[in-house]
């Protein structure tokens, strides 16, 4: 008899998040998200700023702002994350799920040396028998991400942007988490460093067998370094599927627009870029229909009146699977 499929590492179903609005109103920030991630799998959450990507990550980390209300199901290895209290989260954050935040210079403590900050989760979660062993483990972690012992003794401001990003990755991995969330880990880095950081994350996923949720606005850079893509807009999923397939055959008009807007290799400095008119709507501007309809070249009247159902792969009235 064949073995039943193993449950996913991360299972998100029907996730909705609302935030306090003016005059006692509620603003719907995330709407009915479905995501899953297996051990050793990488998934990129793609979309423009304001699409809801970071809020999704904060939900998975139990770091939502006061007044946020959450509905749906979110579990990690079968444990419901929405049922954890703050004491439980103290045991889970860093140990079971960890996050690389966008700005390493603000995420790192400016008053502590890098080594001390990487040691902290090791000591906190008792992953080493004594401080000497914790120090050795932290140094090994820093070496794995490409930082030398001399850089381990530096303060954050003494490192370059790429070195600080590597230190932040080492700190997130120090607790040996099952799930790593990387929120725009290549922000403010040059093109070479962006590729290096993404290649490092890809290698670490393969080595450790952990799950990686990579958040980015850069479809072209990210897509070739993950196994699956999920495209978000206005707090909803627009399209999801294998990365290679979505690159060669994007289906949703928003995915097509993101892909068309990329610079072409060999196009030169004067190459024209296809611009997507308009901007991501604010939470107060999102109506009952598809949030992308004001910018969509295929929009029809019902797109504004009713949100298309999520099929597990696509949410669009005008494109079928």
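Kindly express, to the nearest 10 degrees and within the range 0 to 90, the angle between helix 161-173's C-alpha long axis and the longest C-alpha principal axis of the chain.
80 degrees
Gain in length, residue 136 to residue 39, computed as 0.36 nm per residue apart minus the alpha-carbon separation, to one decimal in nm?
32.2 nm
Does the range 107-176 come out rounded, prolate or oblate, given a ≥ b ≥ c as the square roots of the eigenvalues of its C-alpha gyration tensor, rounded meaning a/c under 1.5 and, failing that, prolate meaning a/b above b/c?
Prolate is the answer for the range 107-176, as a/c is 1.5 or above and a/b outweighs b/c.
Note the angle between two axes, namely the Cα long axis of helix 114-124 and the longest principal axis of the Cα atoms of the chain, as a number of degrees from 0 to 90, rounded to the nearest 10.
Approximately 90 degrees, to the nearest ten.
Modelled label-to-label distance, residue 207 and residue 87, 7 Å Cα→beta-carbon offset: nm?
A separation of 3.7 nm, rounded to one decimal place.
Using only Cα atoms, find the angle between the long axis of helix 131-144 and the longest principal axis of the chain, and express it within 0 to 90 degrees, rounded to the nearest 10.
So the helix axis and the longest Cα principal axis differ by about 50 degrees.
May I ask you to derive the FRET efficiency for residue 245 and residue 127 from their Cβ-Cβ distance with R0 = 35 Å, giving the value to the nearest 0.05?
0.35
Please list 297-306, 39-48 highest first by mean number of surrounding beta-carbon atoms within 10 Å per residue.
Highest mean packing first, the order is 39-48, 297-306.
Using a 10 Å cut-off around each Cβ, can you sort 6, 80, 16 from fewest to most neighbouring Cβ atoms?
Starting with the residue having the fewest Cβ neighbours, the order is 6, 80, 16.
Between residue 48 and residue 320, what FRET efficiency comes out of the Förster formula 1/(1 + (r/R0)^6) with R0 = 22 Å and r the beta carbon distance, rounded to 0.05?
0.30
Can you match mean projected area of the Cα convex hull in nm² to one of these, (1) 20.0; (2) 29.2; (3) 16.8, based on a calculation from the structure here?
Computed from the coordinates, mean projected area of the Cα convex hull in nm² corresponds to (1).
What is the gain in length, in nm to one decimal, between residue 190 and residue 105 on full extension, counting 0.36 nm per residue of separation less the C-alpha to C-alpha distance?
29.0 nm
Laboratory data are not the source of any read-out in this text; all were calculated from the coordinates shown. This is a predicted model, so every value here is computed, not measured. Cβ atoms come from the backbone with ideal geometry, glycine included; neighbour counts cover every protein chain shown.
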